[in-house]
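I have placed the structure first, in the form of structure tokens, so that the comments after it can refer back to it.
The values are calculated or read from the model by the stated rules, or taken from the named source; none is laboratory data. As the structure is a computational prediction, the values presented were derived from the model and not from experiment. When we count neighbours, we look across all protein chains shown, and the Cβ atoms used for this are built from the backbone with ideal geometry, even at glycine. Surface accessibility is based on the protein's heavy atoms, side chains included, excluding ligands, DNA and RNA. Shrake-Rupley method; radii C 1.70, N 1.55, O 1.52, S 1.80 Å.
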Amino acid sequence: ETGVTQTPRHLVMGMTNKKSLKCEQHLGHNAMYWYKQSAKKPLELMFVYNFKEQTENNSVPSRFSPECPNSSHLFLHLHTLQPEDSALYLCASSQAEGMAYEQYFGPGTRLTVT
Amino acid sequence: GENVEQHPSTLSVQEGDSAVIKCTYSDSASNYFPWYKQELGKGPQLIIDIRSNVGEKKDQRIAVTLNKTAKHFSLHITETQPEDSAVYFCAASISKSTFGDGTTLTVKP
């Protein structure tokens with residue numbers, strides 16, 4: 001148990017659906033991250049939030065929309081996805097951004113787009 | 001930006017043998033080098049890390065070495081056990097981590 005939880009663990013959605021992934025950390029961290037993990041790119045950084053402010057958007061398509069209402073919660077809103085978006089989506093947290101800290105990862109959400 | 005290359009992509013060893021995974025990085029400003037282990041169905045978890053002011057660090061059967069001049073660092077696992085089978089990621093960090101592409105380690109009993 002890393003202190004980072006993700007729900008749901010598995011999600012199947014059609015290309016016209018709208019769904020959200022949820023991440024919660026119980027570690028008192030101030031930075032949270034979304035990663036996409038696929039066979040093509042094993043750990044691809046998508047978004048970074050530091051003290052609830054987005055500090056990085058790694059050229060992610062607008063069909064992925066992150067939300068960070070507070071330092072403990074992070075969401076990834078999904079709409080009109082493509083089959084190539086099928087992947088494992090990992091959330092992580094760390095003490096803060098701006099210095100090199102260990103990242104704590106959740107177990108991921110396995111997303112399948114049909 | 002930072003670029004991290006990791007080799008080999010797959011590694012198979014017999015139980016009890018040693019395993020070595022190597023990474024190179026491009027940005028000489030990187031100062032933190034963590035290694036993560038990802039088991040099936042789980043997210044990556046830190047197993048050992050090293051900072052740029054240290055050349056080597058050991059924790060029981062695992063060790064990491066860092067050569068800042070050559071910009072490479074390595075993970076060494078001795079006396080491997082089947083439970084060491086997993087995917088291992090290296091990373092190089094300044095303010096954020098850039099990960100290697102991972103090494104799938106299989107330890108055969």
Could you state how much accessible area is buried at the B-A interface, both sides summed, with a 1.4 Å probe, in Å² to the nearest 100?
1500
Let me know the mean shielding of B:47-53 by other chains, meaning the per-residue number of their Cβ atoms within 10 Å of its Cβ.
1
If the reach is capped at under 24 angstrom between alpha carbons, list the lysines near A:Lys52, excluding any in the same chain fewer than eight residues apart.
A:Lys18, A:Lys19, A:Lys22, A:Lys36, B:Lys96
Length-normalised contact order of chain B, Cα under 8 Å, at least 6 apart, in percent, tallies to 37
Are there cysteines in the protein assembly as shown with no second cysteine's Cβ under 4.7 Å away, and if so, which?
A:Cys68
Tally Lys and Arg at +1 and Asp and Glu at -1 over the other residues with C-beta under 14 Å from the C-beta of B:Ser74: what net charge comes out?
+2
Residue mean of other protein chain beta carbons inside 10 Å, A:40-52:
3
Take peptide A:30-39, look around each residue's Cβ out to 10 angstrom, count Cβ atoms belonging to other protein chains, and average those counts.
1
Going residue by residue through segment B:24-41, the Karplus relation 6.51 cos²θ - 1.76 cosθ + 1.60 with θ = phi - 60° gives ³J(HN,Hα) values, rounded to whole Hz and with x marking Gly or Pro, of 10, 10, 9, 8, 5, 7, 4, 9, 9, 10, x, 10, 10, 10, 10, 8, 4, x
Calculate the length of the line joining the C-alpha centroid of segment B:59-85 to that of segment A:37-62, in whole Å.
28
Show me the ranking of peptides A:49-61, A:30-42 by mean Cβ neighbours inside 10 Å, starting with the highest.
A:30-42, A:49-61
Do any of A:Lys40/B:Lys58; B:Lys42/B:Lys71; A:Lys40/B:Lys37 go past 26 Å between their Cα atoms, and which?
A:Lys40/B:Lys58; B:Lys42/B:Lys71
How high is the FRET efficiency between B:Thr10 and A:Gln54 when r is their beta carbon distance and R₀ equals 30 Å, given to the nearest 0.05?
0.25
